[in-house]
Amino acid sequence: PPYLAFDSPEAEPTWCVCRPYRSKIRHINRLIRESGIPARFQYKYVNDLLEIDPAGRPIPGVNLLKGRVSTLVDRYSERRRLKDGPPSPARGLFLWGAPGNGKTLLACIALNELMFNCALPGKFIGLSRKFFQTLRHTFDESSPTRGQAIPILETLSSVPFLVIDDLG
């Protein structure tokens, strides 16, 4: 809907004051929808990280992780706001550990925060068997996707924010 407002019957219609906010929300929703983030991790942000587990025990290191993600997002957002481009010192995060410790959740939180604060696209890629099969089919002569490896790789290399999730 256009959300035009009429101050009087003779006046020209003007956009309502909420238009820029609705436009930004629509843009952010599109970015998150197209990012490939798994549905259960979409719209998760730093404040969604629990500091206490379901049993009531504090989770060690959660505040440190929140701080690291917030620093990364703040630094990138500030550089973008000042139009200095991407920051050079903090170029990313590398997360490792045993399965089930929340690495994918934290990576998706960082991606959601960056896309929300900077309004730039990001991609989540899970290095699964399906991803490698898709890539392999681009080299198969009988495949309809033959020769499309370069567009796939260009898509991945052209987004400002890329999260690559491991096999585990």
Exercise. Take residue 58 and decide whether it is in contact with an Asp or Glu (Cβ under 9 Å, 6 or more places away or on another chain) and open to solvent by 100 Å² or more (accessible area, probe 1.4 Å).
Key: yes
Counting only residues that are open to solvent by less than 60 Å² (accessible area, probe 1.4 Å), touching a Lys or Arg at 6+ places or on another chain (Cβ under 9 Å) and either modelled with pLDDT under 85 or assigned to a loop (DSSP other than H, G, I, E, B) (or both), region 96-118 contains a total of 1
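Tell me, which residue of region 120-160 that is of a type in the set (A, V, I, L, M) and open to solvent by 60 Å² or more (accessible area, probe 1.4 Å) is nearest to residue 108 (Cα to Cα)? Outline the logic, then answer.
First pass over region 120-160, keeping only residues of a type in the set (A, V, I, L, M): 120, 125, 127, 135, 149-150, 152-153, 156, 159.
In the following step, the residues that additionally are open to solvent by 60 Å² or more (accessible area, probe 1.4 Å) were identified as 150, 153.
Working: 150: 25, 153: 21 Å.
Looking at residues that are of a type in the set (A, V, I, L, M) and open to solvent by 60 Å² or more (accessible area, probe 1.4 Å), I get 153.
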Checked 86, 121 against criteria (touching a helix residue (DSSP H, G or I) at 6+ places or on another chain (Cβ under 9 Å), at pLDDT below 90 and under 22 Å from residue 160 (Cβ atoms)); the one match is 86
With the first residue restricted to region 124-149 and required to be more than 30 Å from residue 113 (Cβ to Cβ), and the second required to be β-branched (Val, Ile, Thr) and part of a helix (DSSP H, G or I), Cβ contacts under 8 Å at 6 or more apart or on different chains are 138/152; 145/134
### Query
Taking the condition open to solvent by 30 Å² or more (accessible area, probe 1.4 Å), in a helix (DSSP H, G or I), modelled with pLDDT of 80 or more and more than 19 Å from residue 37 (Cβ to Cβ), does residue 71 pass?
yes
Output for Cβ contacts, cut-off 9 Å, separation at least six or different chains, first residue closer than 25 Å to residue 120 by Cβ in region 7-36, second in a helix (DSSP H, G or I) and open to solvent by 100 Å² or more (accessible area, probe 1.4 Å), reads none
Those residues of region 1-26 which are surrounded by 11 or more Cβ atoms within 10 Å (Cβ to Cβ) and either charged (D, E, K, R) or at pLDDT 95 or above (or both) amount to 19, 22, 24
Out of (1) closer than 30 Å to residue 25 by Cα; (2) of a type in the set (Lys, Arg); (3) in a loop (DSSP other than H, G, I, E, B), the one residue 123 does not meet is (3)
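The values are calculated or read from the model by the stated rules, or taken from the named source; none is laboratory data. Because the structure is a prediction, the values reported are computed rather than measured. Cβ sites come from the backbone with ideal geometry, for glycine too, and all protein chains shown count toward neighbours. For accessibility, only protein heavy atoms count, side chains too; no ligands or nucleic acids. Shrake-Rupley method; radii C 1.70, N 1.55, O 1.52, S 1.80 Å.
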